[in-house]
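None of the figures in this text is laboratory data; all of them are computed from the coordinates on show. Bear in mind that the values here come from a model prediction, so they are computed numbers and not experimental data. Here the Cβ is made from the backbone with ideal geometry for all residues, glycine too, and neighbour counts use every protein chain on show.
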Amino acid sequence: MHKIFETLGKIGIVPVIKIDDPEKAVPLAKALIAGSIPVAEVTFRTAQGEAAIRRISKEVPDIVVGAGTVLTTEQVDRAVDGGAQFIVSPGFNPKVVSYGLAKGIPIIPGCANPSDVEQALEFGIEAVKFFPAEQAGGLEYIKAIAAPYSGLKFIPTGGINPANIAKYIAFDKILACGGSWMVSPDLINTGNFEKITGLCHEAILSMLGFSVAHFGINTENSQAASSAAEFFKSCFGFPLRELTNSFFSSEAVEIMKSLGMGTKGHIGIGTNSIVRAAAHLERQGIVFNQDSIKRDDKGNMTLIYIKEEIAGFAVHLVQRK
């Protein structure tokens with residue numbers, strides 16, 4: 001998969017931006033970065049789109065900027081010349097797609113049915129925009145049409161919001177979700193960039209769905225762990241489940257059979273998307289212990305520890321099932 005698509009996948013949200021004043025482009029891009037969404041799809045729905053892309057590309061190199069609502073080959077040229085790193089179109093136009101690919105720029109065409117998808121595959125497209133997502137059938141429709149196309153990723157856009165983004169992002173064929181609720185024209189035009197940053201943070205947290213999954217208790221050996229687990233079972237009726245290295249007393253308490261990670265124990269934080277969660281936290285300066293990664297039989301990451309202990313506890317992310 002193209003590096004740009006890998007980056008979009010780790011971010012998980014693509015703000016779709018209609019901008020009327022190029023002077024607002026740079027502070028907007030900085031607000032997105034501050035909100036942990038370092039990507040912008042600036043649409044050609046206004047005449048100022050090209051200038052905004054050019055300003056962002058030149059002055060804010062830490063953001064991935066793309067051009068949206070690209071309808072013609074002339075707009076492809078303007079997007080590329082302005083510094084766009086990817087192109088998005090609302091529908092599938094073979095002429096525009098082939099022209100963009102010849103330019104060597106990643107292109108995400110709009111596809112709303114299997115015929116569109118098969119055209120995209122014929123062109124070697126790796127990711128398509130599903131638009132308008134909610135109006136066209138939502139996640140269930142995407143699941144239905146995605147089944148035969150194992151290598152293709154979708155970017156649903158249209159009707160995505162904080163209330164439904166988590167269910168979309170949990171599906172493994174969703175590369176990212178497009179949306180504009182955090183970058184409304186009113187907020188941009190009035191220069192309310194602090195509000196945009198706040199809405200970006202809220203969007204990220206809605207997508208990732210962090211919650212405490214369990215607490216881990218260290219013990220010296222298997223016998224001590226078993227004794228502790230039996231205590232929770234006999235006193236509180238918590239079900240007991242034995243694993244290779246620990247006992248679970250309910251799903252909330254893990255009792256280690258040895259002195260495991262963390263001076264005092266560990267805390268597991270569940271998330272809807274562990275890869276995106278780790279990428280988000282790394283953007284906040286969090287460092288992970290790469291040697292702690294665990295994967296399932298398909299190679300997907302299921303657990304990773306933060307390198308630093310917090311108040312004597314090791315903290316790890318765990319993929320919510």
What Kirkwood hydrodynamic radius, in Å, does the stretch 63-219 give when the mean of 1/r is taken over all pairs of distinct Cα atoms and then inverted? 17.1 Å
Label S226 and K143 with points 7 Å out from Cα along Cα→Cβ: what is the distance between them in nm? 4.2 nm
Calculated FRET efficiency, R295 and S211, Cβ-Cβ r, R0 25 Å, to nearest 0.05? 0.70
Packing-ranked peptide list from 310-319, 62-71, 285-294, 272-281, highest mean Cβ count within 10 angstrom first, is 62-71, 272-281, 310-319, 285-294
When Rg is the radius of gyration of the Cα atoms in the stretch 129-194 and Rh is its Kirkwood radius, what does Rg/Rh come to? 1.07
Restricting attention to the alpha-carbon atoms of the stretch 211-319, what are Rg (one decimal) and Dmax (integer), both in Å? 14.5, 44
Would you calculate a helix-derived [θ] at 222 nm for the chain, using -39,500 (n - 2.57) for each DSSP H run of n ≥ 4 and dividing by the full residue count, to the nearest 500? -10500 deg cm²/dmol
Can you say what percent of the DSSP beta bridges in the stretch 211-319, counting only those with both residues inside, are antiparallel? Round to 5. 70 percent
Report the percentage of all Cα-Cα pairs in the chain whose separation exceeds 38 Å, rounded to a whole percent. 25 percent
Give me a comma-separated list of calculated 3J(HN,Hα) values for the stretch 145-150, in order, Karplus coefficients 6.51, -1.76, 1.60 applied at θ = phi - 60°, integers in Hz, x for any Gly or Pro. 7, 7, 3, x, 10, 5
Between E118 and T72, what is the FRET efficiency for a Förster distance of 30 Å, r being their Cβ-Cβ separation, to the nearest 0.05? 0.80
If you count the DSSP beta bridges with both ends in the chain, what percent of them are antiparallel, to the nearest 5? 40 percent
Give me a comma-separated list of calculated 3J(HN,Hα) values for the stretch 44-58, in order, Karplus coefficients 6.51, -1.76, 1.60 applied at θ = phi - 60°, integers in Hz, x for any Gly or Pro. 8, 6, 10, 5, 8, x, 4, 5, 5, 4, 4, 5, 5, 4, 7
Built amide H within the under 5 Å cut-off of V128, gap 5+: K153, F154, I155
Between the alpha carbon centres of the stretch 207-264 and the stretch 70-101 the gap in Å comes to 54 Å
Can you tell me how much longer the chain between S184 and L259 gets when fully stretched, taken as 0.36 nm per residue apart minus their C-alpha distance, in nm with one decimal? 21.9 nm
